[in-house]
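Below is one structure; the comments refer to it alone.
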Amino acid sequence: MTREEFESLVLDTYNIRADYPFEEDFTTGVFRHESSGKWFALAMRISERKLGKCGDMQIEVVNLKCSPEVIESIADVEPGIYRAYHMNKTHWLTVALAECDSDTVAWLLGASYDLTRDRIKRKRGAEH
């Protein structure tokens with residue numbers, strides 16, 4: 001999957017485009033929930049060395065939130081899925097877009113979106 005295909009997937013699925021909040025960085029895109037502003041994906045270009053590889057080639061990756069149990073079972077096991085670069089490694093994964101199959105990216109994107117969605121909080125005593 002290319003970065004453009006990933007951005008199209010997010011737009012088609014959630015009607016959300018990336019914003020670029022980092023000064024003078026027009027390649028790192030943040031995908032946020034419209035209601036809360038919470039991030040559910042961070043797309044960026046990094047050196048493959050940052051994922052523990054030997055080369056310095058720049059690759060397109062996306063960080064996605066995931067349950068710790070899933071991270072433990074697929075990070076560094078499934079092709080293109082790594083412990084998060086530059087984020088909490090217990091709750092986030094880094095997906096090398098060119099290495100990971102599209103169905104897996106779509107599934108992980110959905111999980112990230114759901115995990116970061118606003119939850120309705122009940123006030124104490126409001127239940128009957």
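The values are calculated or read from the model by the stated rules, or taken from the named source; none is laboratory data. Note that the structure is predicted; figures quoted are calculated from it, not measured. So basically every Cβ, Gly included, is an ideal-geometry build from the backbone, and we count neighbours across all protein chains shown.
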(request) Considering only segment 59-85, state which residues are in contact with a helix residue (DSSP H, G or I) (Cβ under 8 Å, 6 or more places away or on another chain), closer than 17 Å to GLY29 by Cβ and not aromatic (Phe, Trp, Tyr). (result) ILE59, GLU60, VAL61, VAL62, LEU64, LYS65
(message) Restricting to segment 30-66, name every residue that is among the β-branched types (Val, Ile, Thr) and either assigned to a loop (DSSP other than H, G, I, E, B) or within 10 Å of the chain's Cα centre (by Cα) (or both).
(response) VAL30, VAL61, VAL62
(request) Only residues that are among the hydroxyl-bearing types (Ser, Thr, Tyr), part of a loop (DSSP other than H, G, I, E, B) and either at pLDDT below 95 or over 23 Å from GLU7 (Cα atoms) (or both): list them for segment 67-89, please. (result) TYR85
(request) Assess whether GLU60 counts as being in contact with a strand residue (DSSP E or B) (Cβ under 9 Å, 6 or more places away or on another chain), surrounded by 13 or more Cβ atoms within 10 Å (Cβ to Cβ) and among the acidic types (Asp, Glu). (result) yes
(request) Can you work out which of the residues in segment 1-29 that are outside any helix (DSSP H, G or I) and among the hydroxyl-bearing types (Ser, Thr, Tyr) is surrounded by the fewest Cβ atoms within 10 Å (Cβ to Cβ)? (result) THR2
(request) Report yes if some residue within segment 28-46 is touching a strand residue (DSSP E or B) at 6+ places or on another chain (Cβ under 7 Å), under 20 Å from ASP118 (Cα atoms), small (Gly, Ala, Ser) and in contact (Cβ under 8 Å) with a residue 60 or more places away in the chain; otherwise report no. (result) yes
(request) State the number of residues belonging to segment 61-88 that are among the hydroxyl-bearing types (Ser, Thr, Tyr) and without any contact (Cβ under 8 Å) to a residue 12 or more places away in the chain. (result) 1
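Quick grid of which residues meet (1) farther than 18 Å from LYS50 by Cβ; (2) touching a strand residue (DSSP E or B) at 6+ places or on another chain (Cβ under 6 Å); (3) of a type outside the set (A, V, I, L, M); (4) buried (at least 16 other Cβ atoms within 10 Å of the Cβ):
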{"residue": "PRO68", "(1), (2), (3), (4)": "yes, no, yes, no"}
{"residue": "PRO79", "(1), (2), (3), (4)": "no, no, yes, no"}
{"residue": "TYR85", "(1), (2), (3), (4)": "no, yes, yes, yes"}
{"residue": "ASN88", "(1), (2), (3), (4)": "no, no, yes, no"}
{"residue": "TRP92", "(1), (2), (3), (4)": "no, yes, yes, yes"}
{"residue": "ALA96", "(1), (2), (3), (4)": "no, yes, no, yes"}
{"residue": "GLU99", "(1), (2), (3), (4)": "no, no, yes, yes"}
{"residue": "ALA106", "(1), (2), (3), (4)": "yes, no, no, no"}
{"residue": "TYR113", "(1), (2), (3), (4)": "yes, yes, yes, yes"}
